[in-house]
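Each reported figure results from applying straightforward, stated rules to the coordinates on display, with no laboratory input. Remember, it's a predicted structure, so these values are computed and weren't measured experimentally. Neighbour counts are summed over all protein chains in view; Cβ atoms, including those assigned to glycine, are modelled from backbone coordinates with ideal geometry.
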Amino acid sequence: MIISFASSKGGVGKSTTCAAIASELALQGSRVLLIDLDQNKTLERWARKAPLDGLTVVAIESKAFGEFYRKQAMSGEFDHICIDLPGTRETTMFKVLARSDLVVIPAQASEPDLREALVVVSDIRDVREETGRPIPYRLLLTKVFPLRSRVTDFAYEELERHGLPLFRTALVERSAYKEMFLNGQPPTLTEREKGAGAEVRALLAEITAIVATDADELRKAG
């Protein structure tokens, strides 16, 4: 699977979600490459704290993405590639979107975050029109309050109004997501059967099912 994590707005949990999903894939026995394209190189620093078997994290400059990606994809060394996109709209983002089996768009339940998510969706649709290749995507609500609020209700209403696909799983505001950048431990190690760990595993199950379903539909269409 080629999974990209995209948002043109900071603070939505993009890098956190990417690290959590890539880690869980590795913990399940897959060979995973995580490409850190974010200018802050947050994930490269995080990976040095507690390396995981099966997970390779490499930070590269955006301009080097095309050649680096081709070399790694052709090597056969990895089962999955997760890509943490830059927090800005640039040419590399369109290159990544065009290669993705699924684009995860994290957003908090707020009007500014949902507006920026719509920008990413528009970019995905543009790439799809240019390439003729279907690019599945889902919005992921992050940093959600445990109890339903008027803000959360607004987010769901807006998503429904715009007809945007949404993961059933949402990531609740939890300390485990913040602590992973302090101790290097992913949530599925620190809270395997509950809380953040359970959320990440549920999200990965959804991601895997979406990619598999899309692949089956493409085979049938072909």
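Excluding residues on the same chain fewer than 8 positions from LYS63, give the lysines whose Cα lies under 23 Å from its Cα. Reachable lysines: LYS9, LYS14, LYS41, LYS71, LYS95. The trypsin sites (Lys or Arg not before Pro) of the range 82-178 that DSSP puts in a loop, and whose beta carbon has at most 16 other beta carbons within 10 Å, are ARG89, ARG148, ARG168. From least to most packed, judged by other beta carbons within 10 angstrom and beginning with the fewest, ASP126, ASP38 follow the order ASP126, ASP38. Full extension of the chain between GLU129 and HIS162 yields a length gain of 10.0 nm, computed as 0.36 nm times the residue separation minus the alpha carbon distance.
Largest mean-square fluctuation among PRO187, PRO136, PRO51, in a Gaussian network model of the chain whose springs join Cα atoms under 10 Å apart, belongs to PRO51. Shown here: mean projected area of the Cα convex hull in nm², derived from the displayed model; of the candidates (1) 11.0; (2) 14.2; (3) 11.9, it corresponds to (3).
Of TYR137, TYR177, TYR69, which has the largest mean-square fluctuation in a 10 Å C-alpha GNM of the chain? Looking only at TYR137, TYR177, TYR69, the largest GNM fluctuation is found for TYR69.
Just checking the listed ones, ALA209, ALA198, ALA155: in the Gaussian network model of the chain with Cα springs under 10 Å, the one fluctuating most is ALA209.
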